[in-house]
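Have a look at the structure below, then the notes.
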Amino acid sequence: MIPQLQSFRLWNPPPAKVLDGTFTEQERLRFKNLFKASARRYTLWGWITLGSFGVIFVSLILAIRQISYPAFGWVVGFAVFVFVSCLLGQPMLQCPACNQLLGTKSLGGGCPQCGGLLKERHCSTCQRTFSEFGRGRGYTLRYCTNCRLKLHDAGI
């Protein structure tokens, strides 16, 4: 008997409730290196999206000014394809220690910028209040919001 398909998404284990103090220095370094690879891929994906949008924008300006160049349609079509593919397939950031998705509107108990404790979406350490409304993330991601492990020095 074939099992019934429930989702097309990869199954990720539920986030573990672990605080940063339980990791050894070697584990922290290993998690930071694991996160560095996914952060690099996430940043590259954003630059590809921005570049394809730039090609579309320049092509539209050239089309408005009625300036044509060879293979105009192919370049614009490919740029639109890349742009839409990047928007739909952008990788999600995930904490390697606790498998929590990062960069979403749902924050755990930790501040993503300084690693302090959050109480009702307000960090008492850096005095920042995080809104659950609005476009984009609106903050720099340095720490996991679930386990408060420092993942990136400069921030994403």
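The values are calculated or read from the model by the stated rules, or taken from the named source; none is laboratory data. Here the structure is a predicted model, which is why all the values come from computation and not from measurement. Please note: Cβ atoms are built from the backbone with ideal geometry, for glycine as well, and neighbour counts cover all protein chains shown.
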Identify the residue in region 61-88 that is under 30 Å from Ile156 (Cβ atoms) and out of contact with any helix residue (DSSP H, G or I) (no Cβ under 8 Å at 6 or more places or on another chain) and, among all such residues, is surrounded by the fewest Cβ atoms within 10 Å (Cβ to Cβ). Leu88
Output the residue which, of all residues in region 112-124 that are more than 16 Å from the chain's Cα centre (by Cα) and assigned to a loop (DSSP other than H, G, I, E, B), is surrounded by the fewest Cβ atoms within 10 Å (Cβ to Cβ). Glu120
So in region 19-49, with the set limited to residues that are of a type in the set (A, V, I, L, M, F, W, C) and either crowded, with 16+ Cβ neighbours inside 10 Å or touching a helix residue (DSSP H, G or I) at 6+ places or on another chain (Cβ under 9 Å) (or both), which one is modelled with the lowest pLDDT? Phe23
